[in-house]
Each structure stands twice: as structure tokens, then as C-alpha cells.
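Here the structure is laid out as C-alpha cells; the discussion comes afterwards.
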Amino acid sequence: EVQLVESGGGLVQPGGSLRLACTVSGVAFDHYTIGWFRQAPGKEREGVSCIRSSDSKTYYKDSVKGRFTISSDTSMNTVYLQMNSLKPEDTAVYSCGLDQAFVEPEIPCRYTMDYWGKGTLVTVSS
């Protein structure tokens, strides 16, 4: 059974930084994509950034490009999202997801994942 557990959320001031972590276990297939989605109050869930297991190819939503960085350890047991220059608009519940499709990471990152963690709340406010 695939399990995803997020950590690192909290309260941060505008312009500040935060690093989220997603711990992954129970993966029984070779090729997959892991990524971060977020859902703000009153908004639909959107893909933020994703990374592919086979070659670590990444995808970023345009609004976070240059501010956020996705990375992983060598085994992809932990995936991180480093968030810099945070804005109030970044406030949301951030969830880690995994998709087993062998495709460009942009595809599941723009749609949905097969497995989900419970999420961690990020609040950007002064």
C-alpha cells in the first residue's frame, strides 16, 4: 500500500521561506511521478510542482517558477518542496501525491494523482 505523509507546514510572513517534506513508502512499481498540489479556501486543487522517478525531470506551475524548488533524495523516499518569497496567495493546504503513469510529469501535475497524503497547512500572513 502506497503511503504519503507530509510535514513542514506552518505560519510564515510574506517574503519568508518554508520547506515541505513528503515521506513515501510502499511503492511497488518502477516508474511514477510524485508532486505537490495545493488547495486554497474557495478554490480548486491545483498542481504546484512534480518530479519523475525515472530521471528526476520536474514541472512547475508558472506562478511558482523561480520561487519554489522540488527535489528528492536519491531513492525518492522523501520529496521536498522548498518555498521562497512566499506570498499570501500561496496560503493553502499542500498535499503530496503519487501517480504511477509513465508520462511527462506535467500531465499528472495538471490533473490528478493516484495516491494522496492528508496534507499540511501553509499560512502566509503578517
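Less than 14 Å Cβ to Cβ from P88, Lys/Arg counted +1 and Asp/Glu -1: what total charge do the surrounding residues give? For residues surrounding P88, the net value is +2.
Mind running the shape call on the stretch 15-56? Use the C-alpha gyration tensor, a ≥ b ≥ c as the square roots of the eigenvalues: rounded below 1.5 for a/c, prolate if a/b tops b/c, oblate otherwise. In terms of gyration-tensor shape, prolate. Expressed as a whole percent, the accessible area of the chain that falls on carbon and sulfur atoms is 46 (1.4 Å probe).
Apply the a/c threshold of 1.5 to the C-alpha gyration tensor of the chain and tell me whether it is rounded, prolate or oblate. It comes out prolate by the Cα gyration axes. Protein heavy-atom accessible surface, 1.4 Å probe, per residue over the chain: 53 Å².
The values are calculated or read from the model by the stated rules, or taken from the named source; none is laboratory data. For clarity, every value in this text was computed on a predicted model and none was experimentally measured. Don't worry about glycine lacking a Cβ; one is built from the backbone with ideal geometry, like all the others, and counts go over all protein chains shown. For the accessible areas, the whole protein counts, side chains as well, though only heavy atoms, and no ligand, DNA or RNA atoms are used. Shrake-Rupley method; radii C 1.70, N 1.55, O 1.52, S 1.80 Å.
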